[in-house]
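I have placed the structure first, in the form of structure tokens, so that the comments after it can refer back to it.
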Amino acid sequence: MSQHIRGIRLYRAAALVAAAVAGIAVGCRDVGPHGVRTVGDSTHTGPTPTGSTHVLLTDDPFPFYRVSRVDLYVVSVAVSLSADTGGPGSAGGDFVTVARPQRRINLLALGNGTTEELGSADLPHGAVVALRMVIDTDSSSITLKDGRVLTGSTKPGIWWYSSAGRPVLNALIQDQLLVPDTGAVIVIDFDVGNSFIPVQEVEPPPADPYDSSFGFASVVRAADLTRTGVIRGAVRTSSGRAVTDASIQLYIGYATTPENTWGRLATARTDSTGAFVIPLVERSAMWLKTAYADATYIVTADAPPGSGLSRVVVPGITVERGKTSDLGTLVLR
């Protein structure tokens, strides 16, 4: 029996990245003194998607104060399936193309749950055990806020390294992506922040501190939307002003241990109202065999560089499948 994939969508949020999740984004750095203030959290039930199988794409945030667009040309998306739904180790078969969007998509235009349809296909009942995406680097670009467009042939530009041309990007899958009779929602999380890295971070000194180029190192993951949760909140100053482009980071760890022991999973940014959403929060079964088995989620919020505002740390967050954990308002002082 075949299950219809109604749409492959682009979904820019936080990514979990897989990031995404995946993912850690480059985000906004160095915000000055980091006073730490912790707040509580609450959980609310959100809608649980049902029906046909979808494939979505999302990214993690990145230096927004410098960049206005990240246009990624997506050629195709393919998956490998297994009839065995027993676990992540099940072997897959041949790859089946599930979408051929063949167009540019501005990853930064999609945020806080916005999705974009990329295509459709039919899948047999089973589990997706591998997913890959083909992009076209010659048709992809980054546009800076000063109007300059970076490509593989400009200076400054994008250093695609061995990925130049039409590379195949393989997605990390932490747990099987089941395709039941009722369908599923599969998200491709493209971690922009970890995939496009400021050249100063990838080249040895003395790299030009004024070079606006980015190096490319693909970070992509895939997750089943019906098996993930969401974290949301808002960031404001003590006077009530919304903090735009604040860097939000999601960790897994223990609040009583140093931050460098936490595992960073995803990042997000606040919009013009100060709101943020971290979707696709997925507690992988493979964590049970790691030091994070009993850990909880931790969210940090930092204002853009030069603001002088302190950091907020929110520990002890739990997220359930199909539900939204609402952190309320995080106040930066």
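Against the numbered list (1) assigned to a strand (DSSP E or B); (2) surrounded by 21 or more Cβ atoms within 10 Å (Cβ to Cβ); (3) at pLDDT 85 or above; (4) hydrophobic (A, V, I, L, M, F, W, C), Leu309 comes up short only at (1).
Test Phe196 against the stated conditions and say whether it is among the aromatic types (Phe, Trp, Tyr), closer than 30 Å to Asn170 by Cβ and at pLDDT 90 or above.
Working: among the aromatic types (Phe, Trp, Tyr): yes; closer than 30 Å to Asn170 by Cβ: yes; at pLDDT 90 or above: no.
Criteria not met by Phe196.
All conditions but one from (1) modelled with pLDDT of 75 or more; (2) in a strand (DSSP E or B); (3) closer than 30 Å to Asp146 by Cβ; (4) of a type outside the set (Ser, Thr, Tyr) apply to Ala78; the one that does not is (3). For the range 224-298, the strands (runs of 3 or more DSSP E) that sit wholly inside it and include 1 or more residues that are within 20 Å of Ile173 (Cα to Cα) and over 14 Å from the mean Cα position of the chain (by Cα) are 247-253, 263-269. Inspection of the range 216-230 finds no residue satisfying the criterion of being within 18 Å of Pro315 (Cα to Cα), among the hydroxyl-bearing types (Ser, Thr, Tyr) and out of contact with any His (no Cβ under 9 Å at 6 or more places or on another chain).
With the condition being at pLDDT 95 or above, I'd like the strands (runs of 3 or more DSSP E) fully within the range 110-159 carrying at least 2 qualifying residues. Break it down stepwise before answering.
Working: elements: 115-117, 121-124, 126-135, 141-144.
Filter on the range 110-159 gives 126-135, 141-144.
Under the condition of being touching a helix residue (DSSP H, G or I) at 6+ places or on another chain (Cβ under 9 Å) and surrounded by fewer than 16 Cβ atoms within 10 Å (Cβ to Cβ), which residue from the range 162-181 is nearest to Ser213 (Cα to Cα)? Break it down stepwise before answering.
The initial filter retains those residues of the range 162-181 that are touching a helix residue (DSSP H, G or I) at 6+ places or on another chain (Cβ under 9 Å), namely 163-167, 169, 174-175, 177-178.
Then drop every residue that is not surrounded by fewer than 16 Cβ atoms within 10 Å (Cβ to Cβ), which leaves 164-166.
Values: Ala164: 15, Gly165: 18, Arg166: 20 Å.
Taking the candidates together, the pick is Ala164.
The set of residues from the range 202-228 being in contact with a strand residue (DSSP E or B) (Cβ under 8 Å, 6 or more places away or on another chain), among the acidic types (Asp, Glu) and surrounded by fewer than 20 Cβ atoms within 10 Å (Cβ to Cβ) comprises just one member, Glu203. On the stretch given as the range 266-278, residues that are surrounded by 17 or more Cβ atoms within 10 Å (Cβ to Cβ) and either among the β-branched types (Val, Ile, Thr) or over 17 Å from Ala246 (Cα atoms) (or both) total 4.
The values are calculated or read from the model by the stated rules, or taken from the named source; none is laboratory data. The structure displayed is predicted, hence computed values, not measured ones. Cβ atoms come from the backbone with ideal geometry, glycine included; neighbour counts cover every protein chain shown.
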